[in-house]
Ligand code: HEM
């Protein structure tokens with residue numbers, strides 16, 4: 001569950017808000033638009049992580065459980081959730097970071113006592 005929380009925090013507030021790439025060849029987008037070879041591209045992770053068309057109407061809500069059944073949080077495009085980047089330059093520390101959060105989380109969550117408000 002702590003992993004869902006980290007995924008959701010990184011969705012809403014990605015610590016790397018942009019990914020940088022450079023085209024190695026002309027890239028055609030549809031029939032009319034070409035991105036020329038050598039173009040520097042900033043990929044807007046924040047924009048994609050907040051796109052209602054990709055995530056649904058609850059896009060701005062903090063809902064860690066959206067990652068319960070899907071590593072992409074139910075996003076309709078698997079390349080649109082990129083807190084650690086993607087492809088050949090994906091973050092090499094991704095698994096270490098997730099492991100770190102799990103390691104920190106377990107001892108703490110074991111000490112959490114959930115009490116109904118009525119009992120306080
Ligand atoms: C929450 C923690 C972290 C986040 C959100 C994060 C995010 C990212 C992102 C977005 C990239 C760019 C990936 C791309 O362009 O596709 C990246 C690259 C990288 N990260 Fe992380 N990172 C985290 C932790 C770490 C840690 C703990 C390490 C090292 C132990 C690390 C090492 C690297 C390295 C070396 C690269 C460059 C990879 C390359 O260009 O080949 N990161 N990270």
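Observations on the model:
- Flag if residue 5 is modelled with pLDDT under 95 and surrounded by fewer than 11 Cβ atoms within 10 Å (Cβ to Cβ): no
- Test: residue in the range 87-108 that is touching a helix residue (DSSP H, G or I) at 6+ places or on another chain (Cβ under 8 Å) and more than 16 Å from residue 1 (Cα to Cα): yes
- Among the residues making up the range 1-39, those that are within 13 Å of the ligand (Cβ to nearest atom) and touching a strand residue (DSSP E or B) at 6+ places or on another chain (Cβ under 9 Å) are 17, 18, 19, 20, 21, 22.
- Residues of the range 40-63 classified as over 19 Å from residue 6 (Cβ atoms) and either part of a loop (DSSP other than H, G, I, E, B) or touching a strand residue (DSSP E or B) at 6+ places or on another chain (Cβ under 8 Å) (or both), total: 8
- Residue that is farthest from the ligand (Cβ to nearest atom) [pool: residues in the range 67-102 that are under 28 Å from residue 23 (Cα atoms) and outside any loop (DSSP other than H, G, I, E, B)]: 95
- Residue match in the range 25-45 (condition: in contact (Cβ under 8 Å) with a residue 12 or more places away in the chain, within 21 Å of residue 91 (Cβ to Cβ) and loosely packed, with under 11 Cβ neighbours inside 10 Å): yes
The values are calculated or read from the model by the stated rules, or taken from the named source; none is laboratory data. Computed from a predicted structure; not experimentally measured. Note that each Cβ is placed from the backbone with ideal geometry, even for glycine, and that neighbours are counted across all protein chains shown.
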